[in-house]
Amino acid sequence: PADPDTEDFLKAVVDETGFWGKMVHARNLGGAMGAVAIGFKIVDGNIVIEVVDPRYCTVEYMDHDQRELKYIQIQYKYQKNVTDAPKHMGAEDPKGEDPEELEDFSRSHSRKWYWYRRVVTRSVDTVWEDVPCSDKEPEWHKLPRKRRPHGLGFVPFVYVANIPNGEG
């Protein structure tokens with residue numbers, strides 16, 4: 001090897017991130033869907049490899065021929081278990097019970113639909129979480145979001161199509 005330190009570093013990254021398992025997942029997803037998005041991010045000092053279903057991705061290229069991304073948007077709906085407000089139990093309230101236990105017991109649970117949206121640009125990773133679904137898509141620019149500058153100068157994703165068709 002020309003640079004043993006770099007080679008050791010890359011081997012450690014591959015081992016610690018489960019890289020080959022993620023690449024098998026990407027191959028399977030890409031083969032089934034015709035494309036796949038693969039990226040990375042740093043979380044608490046650790047490298048995390050991401051494989052994203054292309055059905056949830058929108059990409060725009062700065063240079064389509066070079067496949068250099070301007071941004072990737074990942075957006076989908078999901079269900080989440082929600083604990084609703086306590087219901088008053090009325091006359092049938094058991095006497096002498098712990099009020100906190102009664103409150104927990106009197107809560108109802110349901111599954112509700114939410115949006116997840118993430119936009120990664122050349123400089124910032126922005127996430128909107130737990131946005132309640134309604135009849136129309138949210139006005140994203142009005143909603144709270146977490147913006148995390150990454151300072152990489154490139155979008156840390158590649159979007160790979162099985163058969164390039166000129167549409168990315």
**OP:** With a cut-off of at least 1 residues that are open to solvent by less than 100 Å² (accessible area, probe 1.4 Å) and modelled with pLDDT under 95, name the strands (runs of 3 or more DSSP E) lying wholly within region 58-168.
**Re:** 68-83, 109-121, 124-132, 157-161
**OP:** Give me the pairs, please: first residue somewhere in region 53-82 and of a type in the set (D, E), second residue anywhere and assigned to a strand (DSSP E or B) and open to solvent by 60 Å² or more (accessible area, probe 1.4 Å), beta-carbon distance under 6 Å, and either six or more positions apart or on two chains.
**Re:** E60/K70; E68/M62
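The values are calculated or read from the model by the stated rules, or taken from the named source; none is laboratory data. On a predicted model such as this, the values are computed, not experimentally measured, just so you know. Ideal geometry is used to build each Cβ from the backbone, glycine not excepted, and the neighbour counts take in all protein chains shown. We work out accessible area using only protein heavy atoms, side chains counted, and drop any ligands, DNA or RNA first. Shrake-Rupley method; radii C 1.70, N 1.55, O 1.52, S 1.80 Å.
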